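Q: Once you've had a glance at the structure underneath, I'll fire off some questions.
The values are calculated or read from the model by the stated rules, or taken from the named source; none is laboratory data. Keep in mind the model is a prediction, meaning the values are calculated, not measured. As a convention, Cβ positions derive from the backbone with ideal geometry for all residues, glycine included, and neighbour counts pool all protein chains shown. Accessible surface is based on the protein model in full, side chains and every heavy atom, while ligands, DNA and RNA are left aside. Shrake-Rupley method; radii C 1.70, N 1.55, O 1.52, S 1.80 Å.
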Amino acid sequence: DEVFETIGIRSSVLSYLSPFSAFRHRFPWLVPTLLSGVSCAVLSSLFESTIAESMVLAFFLTLILGLGESVGIQSLTITIRKLHVEWPTWRWFIKAAKKEVITSLLLGLCTGSIIAGIIFFWKGTLITGAAVGLSIVLSLLTATFFGLAVPALLHKTRLDPKVSAGPLVLGLADLFTLFFYFSMAKMIL
C-alpha cells in the first residue's frame, strides 16, 4: 500500500472500486504529471537552438530525467519513512538535508562522471560530457531537495505526503532537471 501511495494511489481503496471510480481516484494525481510534462515541453522549446547545435543532448535526455526522478523518489521514500517516527522541525530538516545533499552529491558526481566519460569516448567531446555531467549533479541535488522538502512540508501542514508528494516531487524534479540540463549546455557549449 505504501509503495502505491507514493505515486498517488491507495491500493486498498482501488481494489473494490469500479473502473470509473478508480479513474476518478487516480486521474487527479496525473494532473501534476500532465502539467509538468507540458511545462517541460515549453521549457525545452526555449532551448531549441541549443539542442540543434548539439544532438548529443537529445541522446541523453531520457537518462538525465530518469536519474532525477529516481533520486527524487528515493529521497521521498526515505523522508516519508522518517516522518512516521519524527515530526519535521527546522533542526530535523537541516540534519536530513545535510545527509541527503552529501548522498546526492556523491551520486551525482559518480553518475555524472560516468556519463561524461561515455560521451567523451563515444563522441569525442569533453566539453559536452562536462556540460551533461555537471547538469546531472545539479539535477540530483535539486531532486533530493524536493524529495525531502515536499513531503516534509505536506506533513507539517497535516496533509498526507504518501499520496500527494510523489507526483509533485517527480514533476518538480523533471522541470528543474531540464532547466539545469539545457542551461548548462547553453552556457558551456
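Q: Taking the Cα atoms of region 88-139, report the difference between the largest and smallest coordinate on each principal axis, in whole Å and largest first.
A: So the three principal-axis extents are 48, 13, 10 Å.
Q: Ranked from highest to lowest mean number of other Cβ atoms within 10 Å per residue, what is the order of the peptides 73-80, 103-110, 45-52?
A: The most tightly packed comes first, giving 73-80, 103-110, 45-52.
Q: Hey, could you get me the Stokes-Einstein D for region 114-158, Kirkwood radius over alpha-carbon pairs, 25 °C and 0.890 mPa s, rounded to whole µm² s⁻¹?
A: The Stokes-Einstein estimate is 202 µm²/s.
Q: Roughly how many Å² of L170 are accessible to a 1.4 Å probe, to the nearest 10?
A: Accessible area, nearest 10 Å²: 40 Å².
Q: Sticking with this structure for a sec: With only Lys, Arg, Asp and Glu charged, each at its Cβ (+1 for the first two, -1 for the last two), find how big the charge dipole of region 20-114 is about the Cα centre; round to the nearest 20 debye.
A: Its charge dipole is roughly 620 debye.
Q: Provide the gained length on full extension for the span C110 to Y16, in nm with one decimal, where the gain is 0.36 nm per separating residue minus the Cα-Cα distance.
A: 29.4 nm is the gain from fully extending C110 to Y16.
Q: Would you mind computing Rg(Cα) / (2.2 N^0.38 Å) for region 98-189, counting N as its residues?
A: 1.25
Q: Which of P151, G124, V101 sits farthest toward the positive end of the charge dipole of region 14-158, with +1 on the Cβ of Lys and Arg and -1 on the Cβ of Asp and Glu?
A: In region 14-158, that residue is P151.
Q: Run the quick spin-label model on L159 and A52: label points 7 Å from Cα toward the beta carbon, then report their separation in nm to one decimal.
A: The modelled label-to-label distance comes out at 4.0 nm.
Q: Rounded to the nearest 500, what is the 222 nm mean residue ellipticity of the chain from helices alone, with -39500 (n - 2.57) per DSSP H run of 4+ residues and division by all residues?
A: The helix-only estimate for the chain comes to -27500 deg cm²/dmol at 222 nm.
Q: Calculated FRET efficiency, M187 and T89, Cβ-Cβ r, R0 41 Å, to nearest 0.05?
A: Result of the calculation: an efficiency of 0.65.
Q: If you don't mind, another one. Take a quick pass over the chain and tell me how many lysine pairs come in under 25 angstrom between Cα atoms, counting only ones 8 or more apart or on separate chains.
A: The number of close lysine pairs in the chain is 12.
Q: Round to a whole number: what % of the accessible area of region 69-189 belongs to carbon and sulfur, probe 1.4 Å?
A: 73 percent
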